[in-house]
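What follows is a single structure, written as structure tokens, with notes after it.
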Amino acid sequence: MDIIIITGIITLLVGGTASYFLWDMLLTKSKQKLLADAEIQAEMLKEKKMLQAKEKFIQLKSEHESYINERNLRIAGTENKLKQKETIYLQRKEELQRSFKELETSEREIETIRENLSIQLELVEQKEEEMHRLHKQQVQQLEALSGISADEAKSQLVDSLKNEAKTEAMSFIQEIMDEAKMTANKEAKKIIVKSIQRVASETAIENSVTVFHIESDEIKGRIIGREGRNIRALEAATGVEIIVDDTPEAIVLSAFDPVRREIARLALHQLVTDGRIHPARIEEVVNKVKKQVEEEIIETGKRTTIDLGVHGLHPELIRMIGKMKYRSSYGQNLLQHSRETANLCAIMAAELGLNPKRAKRAGLLHDIGKVPDDEPELPHAILGMKLAEKFKEKPDICNAIGSHHDEVEMDSLLAPIVQACDAISGARPGARREAVESYIKRLNDLENMALSYPGVTKTYAIQAGRELRVIVGSDKMTDIEAENLSYDIAKKIQDEMTYPGQVKITVIRETRAVSYAK
């Protein structure tokens with residue numbers, strides 16, 4: 001029994017030892033396998049991280065290259081601007097050199113005049129010496145022939161020579177004065193020419209047509225709309241005739257008023273860009289563009305006053321100055337003419353020792369009376385003077401505005417300067433064209449005449465004045481009354497106005513029903 005127990009114990013010990021070594025061997029193999037798997041995963045993770053690092057490096061390299069290219073473009077743009085400024089600097093340098101040469105020429109001419117005067121003075125001295133010699137001879141002859149005393153002869157000779165000297169001196173003085181007048185006229189002409197050259201600017205004759213470019217002819221059909229409803233709505237809203245013909249990629253906007261043409265051009269641009277073209281959208285865009293143009297007018301007035309250094313103007317005067325951009329005087333742009341006149345006034349005032357800033361202010365405002373839409377029956381100079389007085393301008397500036405066409409008497413030194421500079425700016429060849437001014441005045445008269453009838457809300461003269469469109473309120477006039485109105489307007493035009501060819505009067509009466517869903 002003991003042997004069996006001992007044998008069992010030994011068996012258990014041997015089995016446990018064998019089991020221990022077997023389990024230890026299995027654990028060692030499992031550890032080795034886990035280590036191998038971990039090494040494989042670590043290698044894969046390492047390769048993945050390397051790939052990500054390479055991708056990040058390529059991305060950073062691309063961004064760096066883009067930044068370098070953008071910086072190079074900015075540097076190239078800056079270099080171009082510097083080159084342009086250098087070109088402008090060289091041009092101004094050449095102009096200054098030409099001015100210096102002209103001044104040197106004037107100095108040489110003055111020196112020549114001085115030399116001529118010196119020669120004339122020498123001639124005068126020679127004549128005086130000759131007079132002294134003749135005087136001595138005459139004294140000797142009188143003493144020998146008359147036998148009178150030397151004092152009496154001297155007295156008679158002195159009286160005779162006095163009369164002769166006075167005559168010769170008066171003649172000589174008159175010659176010098178005539179020559180001085182001729183020289184003064186010549187020098188004055190040179191000064192005026194130099195002043196014109198210093199402020200000369202390009203002028204363009206204002207026309208009555210604007211060409212609107214489109215990308216393709218397909219847009220023309222969308223602008224016309226079904227049965228022409230879009231183009232009719234656009235013409236009614238802007239008062240501009242829109243001509244859609246076979247001209248490739250172009251639409252012609254025709255109207256004598258530059259503001260209307262600009263509103264129509266901007267509205268068309270927004271409509272074509274947006275793509276939604278229908279009557280309701282057209283009215284919305286036109287009203288929006290009108291506000292934009294009004295803001296642009298104010299901004300133009302502010303920029304003009306800043307450029308010229310004219311400060312402290314009333315906001316309404318600034319608005320009128322901006323509106324000059326869309327006005328013309330005998331074909332000459334009114335804003336450009338006023339700027340040119342202001343610069344000329346400043347130059348001449350400085351030459352005369354007056355205040356150049358006040359002269360520039362008067363020159364800028366001298367044609368302000370041409371701007372108001374509701375023009376009363378007053379000359380533009382008088383109207384401009386009243387506007388300046390209304391907005392608290394100084395009395396000398398108001399007088400310069402009102403007297404630059406001699407409607408009122410000049411009572412300040414600024415007035416003749418403004419008058420002269422206005423003439424210089426407007427009298428240059430090609431600066432003005434009277435036919436355009438009379439044409440625009442005729443169209444304005446045509447519109448105002450039709451607008452004077454009761455019930456008329458809007459009037460537009462189109463096709464160079466060959467057609468007058470009159471829009472009436474449907475609640476104020478019946479169809480029969482609208483027909484009678486067209487006949488009355490046509491008869492009044494025949495009786496009171498002068499016009500070439502014939503004028504077509506179109507009275508438009510439409511009914512609109514508007515409701516809002518809330």
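Near Leu313: Cβ cut-off under 11 Å, other residues only, Lys/Arg at +1 and Asp/Glu at -1. The net charge is +2. With R₀ set to 35 Å, the beta-carbon distance separating Lys504 from Ala423 gives a calculated FRET efficiency near 0.30.
May I ask you to compute the full-extension gain from Ser155 to Leu26, defined as 0.36 nm times their residue separation minus their alpha-carbon distance, rounded to one decimal in nm? Numbers along the way, then the final one.
Details: separation 129, 0.36 × 129 = 46.44 nm, distance 16.49 nm.
Between Ser155 and Leu26, full extension yields an extra 30.0 nm.
Multiplying the residue separation of Glu63 and Glu107 by 0.36 nm and subtracting their alpha-carbon distance yields 9.4 nm.
Tell me, in nm to one decimal, what length is gained between Leu90 and Asp445 on full extension, where the rule is 0.36 nm per residue of separation less the Cα-Cα distance?
On the way: separation 355, 0.36 × 355 = 127.80 nm, distance 5.01 nm.
That works out to 122.8 nm of additional length.
Taking every protein chain into account, the 1.4 Å probe leaves Tyr67 with about 110 Å² of accessible area, to the nearest ten. Using a probe of 1.4 Å on the protein chains alone, the accessible area found for Ile3 is around 130 Å².
Could you list the residues of the range 1-26 with an amide nitrogen less than 18 Å from a label point located 7 Å from the Cα of Lys33 in the Cα-to-C-beta direction? So the set is 22-26. Per-peptide packing, taken as the mean over residues of other Cβ atoms within 10 Å, places 334-342, 6-14, 403-411 in the sequence 334-342, 403-411, 6-14 from highest down. Only protein heavy atoms count here; under a 1.4 Å probe, Phe256 has an accessible surface of about 10 Å².
The values are calculated or read from the model by the stated rules, or taken from the named source; none is laboratory data. Everything numeric here is computed off the predicted structure, so don't read it as measured data. Neighbour counts are summed over all protein chains in view; Cβ atoms, including those assigned to glycine, are modelled from backbone coordinates with ideal geometry. Side chains included, ligands, DNA and RNA excluded: accessible areas come from the protein's heavy atoms. Shrake-Rupley method; radii C 1.70, N 1.55, O 1.52, S 1.80 Å.
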